[in-house]
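Working notes, beginning with the structure itself.
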Amino acid sequence: MSKKLIAGNWKMNGSLAANEALVRAMLAGIGQPLAEVALCAPAPYLAQLQALLLGSPIAWGSQDVSAHEQGAYTGEISVSMLKDFGCRYAIVGHSERRQYHGETDEIVATKAQRALSAGVTPIVCVGETLAEREANETESVVKRQLAAVIHTVGHCITEIVVAYEPVWAIGTGKTATPEMAQAVHAVLRAQLAAATTNPKRVHILYGGSMNAANAASLLAQPDIDGGLIGGASLKAADFLQIVAAAG
Ligand code: 13P
């Protein structure tokens, strides 16, 4: 495995002034990170991130991308638009989009393929709800979600990033224990191994209440290759501590 990847997901937070202060504080403290680092911002702020982060050790990306190439899809944002603003990553299939915007496994897989077609790395989110975990369905749910992407992108699967985000751990302060997370990451790694000869090439991130205090123990697990960070990516000091823990 190459370097770990720590990606912030700001979700629907920020303003021009707040983003600038946050990014400048991150740049002031980041030095030469041993991990790869990225920030995924709301689309209106991608131009701002491009201006602030170009030439820095921090890459940037979007939180979604259209499954379509272009055309009559009001409100959608195409991958070529993301490329115009220098995005390296696009989160796809976040549970909040699956839950509130009806994104199916097939839509998520098509979005991942669309991103790949333009050289943007999709960060594909998978994860079970609390009800699914309690029904012992965690493994079958995450495998079904990843299988759709493997089916659609074929040999390009080594170019994606996977993020395991248990829905019950997102924004709740309830983190999966390192052992619980590792168990699911191992399942995902095995599934990738069946699809490619180079499964270790794929970063599998953990997301869900990862913070400065718990990052090191999660990142020490053999199949946890980084983090997708929500709330703690809105605080420069916390985010930088997570980056340092990934070194
Ligand atoms: P929190 O870190 O706020 O729990 O969010 C995780 C997440 O959903 C990142 O995509």
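The values are calculated or read from the model by the stated rules, or taken from the named source; none is laboratory data. This is a predicted model, so every value here is computed, not measured. Cβ sites come from the backbone with ideal geometry, for glycine too, and all protein chains shown count toward neighbours. Accessible surface is based on the protein model in full, side chains and every heavy atom, while ligands, DNA and RNA are left aside. Shrake-Rupley method; radii C 1.70, N 1.55, O 1.52, S 1.80 Å.
Observations on the model:
- For residue 8, residues with placed amide H under 5 Å, excluding near neighbours: 38, 39, 40, 229
- Karplus-derived 3J(HN,Hα), 6.51/-1.76/1.60, for each residue of the stretch 74-91, Hz, glycine and proline x: 3, x, 7, 10, 7, 5, 5, 5, 4, 4, 4, 9, x, 5, 8, 10, 9, 5
- Per the Kirkwood formula applied to alpha carbons, the chain shows a radius of gyration over Rh ratio, Rg over Rh, of 0.94.
- Anisotropy class assigned to the stretch 103-247 is prolate, per the alpha carbon gyration tensor with a/c at or over the 1.5 cut-off and a/b larger than b/c.
- In sequence order, calculated HN-Hα J values of the stretch 148-162 (Karplus, 6.51, -1.76, 1.60; Hz; x Gly/Pro): 4, 6, 4, 4, 7, 9, x, 5, 6, 4, 5, 8, 8, 10, 9
- Phi to ³J(HN,Hα) by Karplus 6.51 cos²θ - 1.76 cosθ + 1.60 over the stretch 15-21, Hz, x for Gly, Pro: 7, 3, 5, 5, 4, 4, 4
- Our helix-only sum for the chain, with -39,500 (n - 2.57) per DSSP H run of n ≥ 4 divided by its residues, gives a mean residue ellipticity at 222 nm of -12000 deg cm²/dmol.
- Taking 192, 218, 54 in turn, the Gaussian network model of the chain (Cα-Cα springs below 10 Å) assigns the largest fluctuation to 54.
- Taking a Cβ cut-off of under 12 Å around residue 58, the surrounding Lys, Arg, Asp and Glu residues balance to a net charge of +1, with basic ones at +1 and acidic ones at -1.
- Global form of the stretch 7-54, assessed from the alpha-carbon gyration tensor, a/c cut-off 1.5: prolate
- Cα gyration tensor, the stretch 27-149 - rounded (a/c under 1.5), prolate or oblate: oblate
- The amide H of residue 91, built 1.01 Å from its N in the peptide plane, has 62, 63, 64, 123 as neighbours under 5 Å, considering only residues 5 or more places off or on other chains.
- When the pairs 3/174; 200/235; 143/200; 83/143 are compared against a 22 Å limit on Cα-Cα distance, 3/174; 200/235; 83/143 fall above it.
- Once the 1.4 Å probe is applied to the protein heavy atoms, the chain comes out at 43 Å² accessible per residue.
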